[in-house]
Amino acid sequence: MKTGEKMLNDNSRKNEEEGIKALAKALRNGGTLLNIGCPVCSYPLIRINDKIYCKVCNSEVLIYKDEKDLPKEIRKALKKETPQKEDTHSAIKQSLEKKIENLRKRLDESDDPDEIMKLSKTIDKLLETLEKVD
């Protein structure tokens with residue numbers, strides 16, 4: 001382990017210990033331990049005065065039951081980050097079509113019977129896959 005890694009591990013361990021102590025203190029002061037883990041560090045969350053916190057990360061955590069309940073700006077940000085299913089579908093289709101075309105060109109140029117069989121089988125499989133994607 002390098003010196004920088006050791007220092008980083010020591011610091012994160014220290015922060016984790018401080019967070020656990022803060023969690024214990026919040027429980028003693030009437031906080032309620034939840035059966036939900038923090039999305040960042042996976043430690044249990046705690047409810048204090050109708051707000052939910054991660055004492056290890058030292059941050060407030062917002063929980064929504066449905067995406068519709070999220071604030072508009074967060075929904076927009078999530079849509080930008082998450083590739084749309086249609087985009088992925090289109091990209092897969094384009095990749096398959098490109099591969100089929102490349103193999104077709106190789107098939108046109110080949111005189112070797114074994115290679116022709118392999119290429120034909122591969123093209124056939126790709127066409128089947130393309131059909132399933134459509």
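When the chain is described by a simple charge dipole with +1 on each Lys and Arg Cβ and -1 on each Asp and Glu Cβ, the residue from Leu27, Val61, Gln94 located farthest towards its positive end is Leu27. Computed about the Cα centre, the dipole magnitude for the chain is approximately 1060 debye when only Lys and Arg (+1) and Asp and Glu (-1) carry charge, each at its Cβ. Between Lys21 and Lys65, full extension at 0.36 nm per residue minus the direct alpha carbon distance yields a gain of 12.9 nm. Overall, the range 8-69 carries a charge dipole of about 260 debye about its Cα centre when +1 sits on the Cβ of Lys and Arg and -1 on the Cβ of Asp and Glu, all other atoms neutral. Three semi-axes describe the equivalent ellipsoid of the range 85-133; taken as square roots of 5 times the Cα gyration tensor eigenvalues and ordered largest first, they are 25, 10, 5 Å.
Taking 21 Å as the limit for the C-alpha separation, the pairs Lys93/Lys125; Lys72/Lys93; Lys93/Lys121; Lys25/Lys65; Lys99/Lys121 exceed it in the case of Lys72/Lys93; Lys25/Lys65.
The H on the amide N of Val61, modeled in the peptide plane, is under 5 Å from the matching H of Ile52, Tyr53, Cys54, each at least 5 residues off or on a different chain.
Each 10 Å bin from zero holds the following percent of Cα-Cα pairs in the chain: 10, 21, 16, 15, 14, 15, 7, 2, 0.
Membrane-span-like helices in the chain, defined here as complete DSSP H runs extending at least 18 Å along the helix axis by their C-alpha atoms with mean Kyte-Doolittle hydropathy no lower than 1.0, are absent; this is a sequence and geometry rule, not a statement about a membrane.
Any read-out appearing in this document is the output of simple, stated calculations on the displayed coordinates, not a laboratory observation. All of these numbers come straight from a predicted model, not from anything done at the bench. Positions of Cβ are backbone-derived with ideal geometry, glycine not excepted, and every protein chain shown enters the neighbour counts.
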